1. Which one is modelled with the highest pLDDT among residues in region 118-170 that are within 16 Å of the ligand (Cβ to nearest atom) and in a helix (DSSP H, G or I)?
2. Out of curiosity, is Lys84 part of a loop (DSSP other than H, G, I, E, B), modelled with pLDDT of 95 or more and more than 17 Å from the chain's Cα centre (by Cα)?
3. Answer yes or no as to whether Glu183 is at pLDDT below 90 and buried (at least 22 other Cβ atoms within 10 Å of the Cβ).
4. Mind checking which residues of region 61-80 are of a type in the set (Val, Ile, Thr) and more than 6 Å from the ligand (Cβ to nearest atom)?
5. Would you pick out the residues in region 1-28 that are modelled with pLDDT under 90 and surrounded by 16 or more Cβ atoms within 10 Å (Cβ to Cβ)?
6. Based on this model, can you work out whether Leu313 counts as assigned to a loop (DSSP other than H, G, I, E, B), touching a helix residue (DSSP H, G or I) at 6+ places or on another chain (Cβ under 6 Å) and surrounded by 12 or more Cβ atoms within 10 Å (Cβ to Cβ)?
7. Here are the criteria: (1) closer than 18 Å to Leu177 by Cβ; (2) outside the structural domain of Thr60 (by TED's automatic domain parsing). Tell me which single one Gly205 does not satisfy.
Amino acid sequence: MVKRFYVDQYVDQILAGNRVVLSRAITLTESKLPADQELAQQVINRLLPYSGNSIRIGITGAPGVGKSTFIEALGNYLIKQYQKKLAVLAIDPTSQRTGGSILGDKTRMPVLSTQPNAYIRPSPAGTSLGGVARYTRESIILCEAAGFEIIFVETVGVGQSETAVHSLTDFFLLLLLAGAGDELQGIKKGIMEMADALVITKADGANQEKARLAQAEYQNALHLFPVPPSGWQVPVQLSSALENTGIGEVWESIEAYVQKTKQNQHWEKKRQQQNLYWFHQTIRQTLEERFFTHPDVAKQLKAKEQAVLSGQLSAFAAAADLLNLAYK
Ligand code: GDP
């Protein structure tokens, strides 16, 4: 009964836009304690009907490309120009190694982080990519219920995390730096194909000419890709967060995308597909967790690994032994 009361409290306070309670609820979702998890799931289930109304924007790019500076500029623009309420979340697979979050850090968005209309939440450290992606998905629901209209999900361009962010967001923005010559190096084709817009950052000062060249090159490169199912023509834009140029234009693109895909129903379809993806993903992840935490499996795992290493058992036979222990 006590728990019930707490669920109500979370729900009411989050719906009222209470950021302290919102933060606590997000912390609950990140907790490894089963009781916290259960409470979090109850809160999320109750808030689900109030979610879904935001524009979810994924932002990726190599470290140093200017992601946080860009979010700071775009966020402040949206608050000043349209009085939008926005949240910044992060998927940071590198925090595992460094032991501390890099993305979504308030100190990297000094002005935005002081705005009452902005909520910035760093990625939890020390969790697997699958884990962070799930928390982020749940955080999106909680933030939407709390009235945030635009949700940025930031990630670093290292491969796998983009797929996760892409499956969480409506619009996927790839930030790129104008380099000398071989622009396409270092950017995986798969990531470019996922993008709904490319933005060349730091198009200011001596960089402007290089940025314009890069823009033309990327535009050419994009022509080689098939037209995406949304029918959306992916733009290549220039921006300088430092000089505050191109920021409004990027926002106009996002708005045009929202309008177009809502009209041709791609918006809804994409969200449905994402729900299906997360349904399967959650099953996969839960099975894996349950398997590895199964007491008999945990007890024998090391021995089986050793047996595989020494050639005593084949990988398949060892796996079958453990699977049979868990699922008789
Ligand atoms: P992140 O690692 O992708 O988040 O990149 P940051 O936003 O931290 O930016 C990396 C560096 O690029 C910082 O030193 C910024 O000051 C600089 N920077 C970011 N945006 C711009 C820009 O629009 N123009 C210029 N000239 N420098 C920028």
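The values are calculated or read from the model by the stated rules, or taken from the named source; none is laboratory data. Owing to the predicted nature of the structure, the values given are computational and were not obtained by experimental measurement. Reconstructed Cβ throughout: ideal geometry from the backbone, glycine too, with neighbour counts over all protein chains shown.
1. Val165
2. On the way: part of a loop (DSSP other than H, G, I, E, B): yes; modelled with pLDDT of 95 or more: yes; more than 17 Å from the chain's Cα centre (by Cα): yes.
Answer is yes for this residue.
3. no
4. Passing the criteria: Ile71, Ile79.
5. none
6. Against the criterion (assigned to a loop (DSSP other than H, G, I, E, B), touching a helix residue (DSSP H, G or I) at 6+ places or on another chain (Cβ under 6 Å) and surrounded by 12 or more Cβ atoms within 10 Å (Cβ to Cβ)), Leu313 qualifies.
7. Here Gly205 clears every test but (2).
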